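Here's the structure, in C-alpha cells; my notes come after.
The values are calculated or read from the model by the stated rules, or taken from the named source; none is laboratory data. What you are looking at is a predicted structure, and each value in this text was computed from that prediction instead of being measured. Cβ placement follows ideal geometry from the backbone for every residue including glycine, while neighbour counts extend to all protein chains displayed. Ligands, DNA and RNA are excluded from the accessible area calculation, which covers all protein heavy atoms including side chains. Shrake-Rupley method; radii C 1.70, N 1.55, O 1.52, S 1.80 Å.
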Amino acid sequence: NIENYFQFVLFGGTGDLAHNKLLPAFYNMLKKDILPDNFTIIATGRRYDSQEEYLAAIKNSLSSKLKLDKRIWQLLAANIEYFELNFKDEADFLALKEVLKEKSAGEKIHNRLFYLATAPGFFTEIAEKLKKFDLLNLAFEDRDSKLVIEKPFGSDLKSAQKLNKNLNNIFSEENIFRIDHYLGKEMIQNIMVIRLSNPIFRALWKKEYIDNIQIYLNESEGVKNRGKYYDDTGVIKDMIQNHMLQILSLITMEEPDDLSAQEISRKKVEVFKELAEINLDNFDKHIVRGQYTSSQKEDKIIKAYREENNIPDDSMTSTFIALKLFLNNQRWQDVPIYIKSGKRLAKKEAAIAVEFNDDFHQSYLKDKGSESNLLLIKIQPEEGISLQFNTRKPGSINKILPVQMEFCHSCEQLFNSPESYEVLIHDMILGDKTLFTSWEEVYYSWKFIDKFMQKCEEENIKLHQYPALSQGPKAADDLLADDGRQWWDKK
Ligand code: BG6
C-alpha cells in the first residue's frame, strides 16, 4: 500500500544510475505526488564525505536534467539520508542497521527495498551481508524486505544460476525484483493493449497475415565511460539477451489467459524455451556482427570503438548485431523476425515493425511495390504508432498510394509518459512484478544466448566494420535484401 512507510536502501547511491535515473525518478514522482507521504531514501556510497556534499552533487545532476522546483527539491532532500559505506566493512553494515531501525522507529508497517545499483559482481556479497548482519528482519509486521537488481543477471547461464542460487538463499523469488528498464517504457507496456484490445490486430496476429517482424534498437552513443564492462559484454549480452528478447517475447507470445504477472511470464517463457531449442543450422546466413570504426562528423572526429577508454586495440567485441530468427510454432512458422541493435549508429531510434503480407486482390497485384500494410510501434525517442495502408492515388487509374495514419503518443499532453524508472519504482513499492523479469525468463534467455555465442565462436562469424554514426554494416541490409525485404528504419 502506497500509504505505508517506505524505505529505499540504495547501494551504489553515488553512481551513474542513482544520479541519472533513480533520483530523478524520485523527484518526478514527488512532483506528481505518487510517493508514499512517509519515506526515506538511504543512499550508501563512498564518494562523498558528508550529507551536504552528497545532496549538493545530486542537486547538481538534477539541475542539469530538469528545471528544479525548489519546493520539490527540498521535499526530496529532506527524505534523503547519505550513509558512507564500504561493502567490505562489517562495522558499516552494523551501523547501517541502526540507521534503518532509527528511521523506521514508530512505523508499524514497513516496506523496505534494497536496491543494488552496483556492479553485478557485488550482488551476492551485499545480499549475504544483509542477511549476516540481520538487516532483513527489522521489526516487520507483514512484509519481507525486497531486493532489486539491475541487469546483467550473470554473464552466461552458469553464472546466472550461481547468482540466483546465492540470492535465493536469502530472498524468496517473490521478493526479488529484476529490472529490465525497457519493460517500464510506455510503448513496451502498450504492446499487450495493442495486440489484445484491437480486433483488427488480434485477428491478424499470425503467420497467415504477417510477412515479417522487425525490432530495432539503434543507439548513437558509443560506450561512454563503460569500456571495461562493455568489452566483456558486447551487444549480444548487453541488449539482445534482455531488452530485445523481452520485446520479442511480448510481440510473439501466445495470448495470456489473464494479465497477472505469473501468466504473462509463463507465456513469455514459452517463447524463450522455443528459442533455446532453435536449430542454428546455416547460422552464418542469419547473423551480421559489427564494430564501429572512427569517422568524422563536421569537424569532429568520432573515435573508433578500439580507441575508446579501456578497450584493447585488438578487441573483437561486437558493437552491432543484426539477426534473422524464426519461431517454430503454429503461430509463427516461417515468419522471419529480424532484430538489430548497435552503438554509434546514425541516430537513436527504437521501434517494432510488423509488416503484413501482400495478399492483394489480383487487380492490384501488378502495381505492388513496397506498399505493405505496416504497423510501426515507435518506442523512442518518439513514442507512438503509425499504421500504413493503401489508398487510390488521386487522378490515377487504380494506382496505389501508401499513406500513414500517425498517432504520436509522446506529443499528446494527455499522454505525458512517465520515465521507465518512475513506473518501475512505483510497481516495486506496490509489489507488482508484472514489469520485472522472472528467473525462468532469465534462465531460458541465457540458454538461448549461450548456444548462440558458442555458435558464433565455432563458426568464426566475421566482424564487419562500420564507420561511427553510419547506418551500420552493409551486410545487415543484405541480410534482408537477400529475402527481398528492407529494414523499415531505412525507408
Ligand atoms: C542498457 C545498456 O541496458 O540500455 C546500455 O547496458 C544501453 O548499453 C541502454 O545504452 C539503452 O537504454 P535506453 O533506455 O537509453 O534505450
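Which one of these does Asp33 not meet: (1) free of Cβ contacts under 8 Å to residues at least 24 places away in the same chain; (2) part of a strand (DSSP E or B)?
(2)
Hey, could you check the stretch 156-176 for residues that are at pLDDT 95 or above and of a type in the set (Gly, Ala, Ser) and say which is surrounded by the fewest Cβ atoms within 10 Å (Cβ to Cβ)?
Among those that are at pLDDT 95 or above and of a type in the set (Gly, Ala, Ser), it is Ser159.
Being within 10 Å of the ligand (Cβ to nearest atom) and not basic (Lys, Arg) is the filter; apply it to the stretch 223-233 and report the residue that is nearest to Phe153 (Cα to Cα).
Applying the filter and picking the extreme gives Thr233.
For the condition farther than 16 Å from Asn20 by Cα and not aromatic (Phe, Trp, Tyr), what is the one hit in Lys65, Lys70?
Being farther than 16 Å from Asn20 by Cα and not aromatic (Phe, Trp, Tyr) holds for just one of Lys65, Lys70, which is Lys70.
Looking at the stretch 56-149, what helices (runs of 4 or more DSSP H) fall wholly within it and have at least 1 residues that are small (Gly, Ala, Ser) and closer than 18 Å to Pro24 by Cα?
70-78
Which residue out of Asn390, Asn310 is over 30 Å from Val271 (Cα atoms) and either touching a Lys or Arg at 6+ places or on another chain (Cβ under 8 Å) or buried (at least 21 other Cβ atoms within 10 Å of the Cβ) (or both)?
Asn310
Considering Leu280, Leu245, which residue is of a type outside the set (Gly, Ala, Ser), assigned to a helix (DSSP H, G or I) and either surrounded by fewer than 17 Cβ atoms within 10 Å (Cβ to Cβ) or in contact with a helix residue (DSSP H, G or I) (Cβ under 9 Å, 6 or more places away or on another chain) (or both)?
When all the criteria are applied, what remains is Leu245.
Would you check if there is a residue in the stretch 466-476 being within 25 Å of the chain's Cα centre (by Cα), part of a strand (DSSP E or B), within 15 Å of Thr317 (Cα to Cα) and touching a residue at least 40 places away in the same chain (Cβ under 8 Å)?
yes
Condition first: among the β-branched types (Val, Ile, Thr), modelled with pLDDT under 95 and either under 25 Å from Ile337 (Cβ atoms) or more than 16 Å from the ligand (Cβ to nearest atom) (or both). Can you find one or more residues in the stretch 274-286 that meet it?
yes
Given the options Glu441, Glu457, name the one that is assigned to a helix (DSSP H, G or I), without any contact (Cβ under 8 Å) to a residue 40 or more places away in the chain and either of a type in the set (A, V, I, L, M, F, W, C) or closer than 30 Å to Asn279 by Cα (or both).
Testing whether each residue is assigned to a helix (DSSP H, G or I), without any contact (Cβ under 8 Å) to a residue 40 or more places away in the chain and either of a type in the set (A, V, I, L, M, F, W, C) or closer than 30 Å to Asn279 by Cα (or both) leaves just Glu457.
Any chance the stretch 200-216 includes a residue that's within 16 Å of the ligand (Cβ to nearest atom), closer than 20 Å to Ile149 by Cβ and crowded, with 21+ Cβ neighbours inside 10 Å?
No, there is no match, as no residue in the stretch 200-216 is within 16 Å of the ligand (Cβ to nearest atom), closer than 20 Å to Ile149 by Cβ and crowded, with 21+ Cβ neighbours inside 10 Å.
List the number of the failed condition for Glu219; all other conditions in (1) crowded, with 22+ Cβ neighbours inside 10 Å; (2) within 16 Å of the ligand (Cβ to nearest atom); (3) modelled with pLDDT of 95 or more hold.
Of the numbered conditions (1) crowded, with 22+ Cβ neighbours inside 10 Å; (2) within 16 Å of the ligand (Cβ to nearest atom); (3) modelled with pLDDT of 95 or more, the odd one out for Glu219 is (1).
Would you check if there is a residue in the stretch 399-415 being at pLDDT below 95, crowded, with 16+ Cβ neighbours inside 10 Å and under 18 Å from Ala351 (Cβ atoms)?
yes
Pick from Glu441, Glu458: which is of a type in the set (Asp, Glu), buried (at least 21 other Cβ atoms within 10 Å of the Cβ) and over 29 Å from Ser294 (Cβ atoms)?
When all the criteria are applied, what remains is Glu441.
Does Met239 fit the bill of being within 16 Å of the ligand (Cβ to nearest atom), open to solvent by less than 10 Å² (accessible area, probe 1.4 Å) and within 16 Å of Ser318 (Cβ to Cβ)?
No; evaluated as a whole, the condition is false for this residue.
Kindly indicate whether Ala261 is open to solvent by 10 Å² or more (accessible area, probe 1.4 Å), under 20 Å from the mean Cα position of the chain (by Cα) and either at pLDDT 95 or above or not aromatic (Phe, Trp, Tyr) (or both).
Considered against the rule, which asks whether it is open to solvent by 10 Å² or more (accessible area, probe 1.4 Å), under 20 Å from the mean Cα position of the chain (by Cα) and either at pLDDT 95 or above or not aromatic (Phe, Trp, Tyr) (or both), Ala261 comes out as yes.
Anything in the stretch 316-346 that is part of a loop (DSSP other than H, G, I, E, B) and within 16 Å of the ligand (Cβ to nearest atom)? List them, or say none.
Thr317, Ser318, Thr319, Lys343, Arg344, Ala346
Filter the stretch 157-189 for residues that are farther than 25 Å from Leu130 by Cα and more than 16 Å from the ligand (Cβ to nearest atom) and give the result.
Scanning the stretch 157-189 gives a single hit, Leu157.
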